[in-house]
Every structure is written in C-alpha cells, then in structure tokens.
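*Asks:* Please read through the structure below; I'll follow up with questions.
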Amino acid sequence: MARMQNDDESRRRKQVKFRADESLVEDFDEAISVSRSEALRQMMEARIDQGDDLDVPDDDELAKAYRWLVSYTNRRGKATVRLGVAENRLSQKLGYDQTGVRSEILYPLQERGYIKTNHGPPGYQGDGWIKVREIRRNS
C-alpha cells in the first residue's frame, strides 16, 4: 500500500543561500539552541506572522481578516487565494457564514483597496480568486 504524504512532506521547499561575515555566523551559531537552518526558518515564519508594520483597516474584524489573508498568501508564496478558500477559512475564524464574509468582510476590504476579487472571464466555472495587496506603513 502506498504511503500518503503528510502536509510537511508534500510542501515544496526552496533552498536559500547567502554569504555573511564569518564572525557573524559564529556568533549566531552560539546564540541559537537549534540548527542554523531551523533558526532561520523560525525567524522567517516569525517575520511573516509579525505583520506589525502592515497598514491594516481601523475596523477590528477587517484588520483580523486582512492579517489572515496576508499571512496565508505569504506562507504559500503567492499573492492570490481562491475565493471559496478565503470565504471558508474566514467564516470559521470570524464566526460569519460565507455570505456574511463576502458582504461584511471581503467587499469592504476591496472597497478600501486591500484586496481585489476576480470571478474569472465570462463562462468561468470556478469560484474566482482574491488578490491580496500587502500594504505597509511608511517608516
């Protein structure tokens, strides 16, 4: 029987290489308690999840939804998310039904320029997708 891959195994990986001063690398290695690779992965994930310089909507529900959309798309390495996926996940996260997510969350985010929805060309059978604009505050 073939073994099914779990999410970690099926996720595509990309190798990252860069050069740093030898003393910086040695100091870093002494400061961490996990492998260098794992420490860098953790730092990358923390940065993506941080989002503290995101220019989020003033409304708490819209801000929560927008942060989730940015985090989800960043983790996938794409600026888009299927409309049905976003509606489903946000309805679970925010406690709305999917119609409520569309009218109370997605439309206001689109009106304010945070996202753009696309339902595909005429005759398109899918449910469309959302393009997420990652808007950062000026430092």
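The values are calculated or read from the model by the stated rules, or taken from the named source; none is laboratory data. What you see is a predicted model; the values in this text were computed from it and never measured. So basically every Cβ, Gly included, is an ideal-geometry build from the backbone, and we count neighbours across all protein chains shown. Areas reflect the complete protein model, heavy atoms only, side chains present, ligands, DNA and RNA absent. Shrake-Rupley method; radii C 1.70, N 1.55, O 1.52, S 1.80 Å.
*Asks:* For the stretch 39-56, state whether one or more residues are of a type outside the set (Lys, Arg) and at pLDDT 90 or above.
*Replies:* Residues of the stretch 39-56 that are of a type outside the set (Lys, Arg), as a first pass: 39-40, 42-46, 48-56.
Right, trim to at pLDDT 90 or above and you get none.
For the stretch 39-56, residues of a type outside the set (Lys, Arg) and at pLDDT 90 or above: absent.
*Asks:* Which residue is most open to solvent (accessible area, probe 1.4 Å), if the candidates are limited to the stretch 72-88 and must be of a type in the set (Lys, Arg) and either more than 24 Å from Gln42 (Cα to Cα) or part of a loop (DSSP other than H, G, I, E, B) (or both)?
*Replies:* Lys78
*Asks:* Here is a further query. Please find, among Lys78, Lys64, the residue that is of a type outside the set (Val, Ile, Thr), within 15 Å of the chain's Cα centre (by Cα) and farther than 16 Å from Lys131 by Cβ.
*Replies:* Result of the check over Lys78, Lys64: Lys64.
*Asks:* Examine the stretch 104-112 for a residue that is part of a loop (DSSP other than H, G, I, E, B) and either hydroxyl-bearing (Ser, Thr, Tyr) or at pLDDT 90 or above (or both), and state whether such a residue exists.
*Replies:* Step one: filter the stretch 104-112 for residues part of a loop (DSSP other than H, G, I, E, B), giving 112.
Checking the rest, the ones that are also either hydroxyl-bearing (Ser, Thr, Tyr) or at pLDDT 90 or above (or both) come to 112.
Yes, there is a match, as at least one residue in the stretch 104-112 is part of a loop (DSSP other than H, G, I, E, B) and either hydroxyl-bearing (Ser, Thr, Tyr) or at pLDDT 90 or above (or both).
*Asks:* I would also like to ask the following. Looking at Asn118 and the list (1) open to solvent by 30 Å² or more (accessible area, probe 1.4 Å); (2) out of contact with any strand residue (DSSP E or B) (no Cβ under 8 Å at 6 or more places or on another chain); (3) modelled with pLDDT of 85 or more, which single condition is not satisfied?
*Replies:* With respect to (1) open to solvent by 30 Å² or more (accessible area, probe 1.4 Å); (2) out of contact with any strand residue (DSSP E or B) (no Cβ under 8 Å at 6 or more places or on another chain); (3) modelled with pLDDT of 85 or more, Asn118 is out only on (2).
*Asks:* Quick check, is Leu106 open to solvent by less than 50 Å² (accessible area, probe 1.4 Å) and under 14 Å from the mean Cα position of the chain (by Cα)? Don't jump to the end; show me each part of the working.
*Replies:* Numbers: open to solvent by less than 50 Å² (accessible area, probe 1.4 Å): yes; under 14 Å from the mean Cα position of the chain (by Cα): no.
So Leu106 fails the test.
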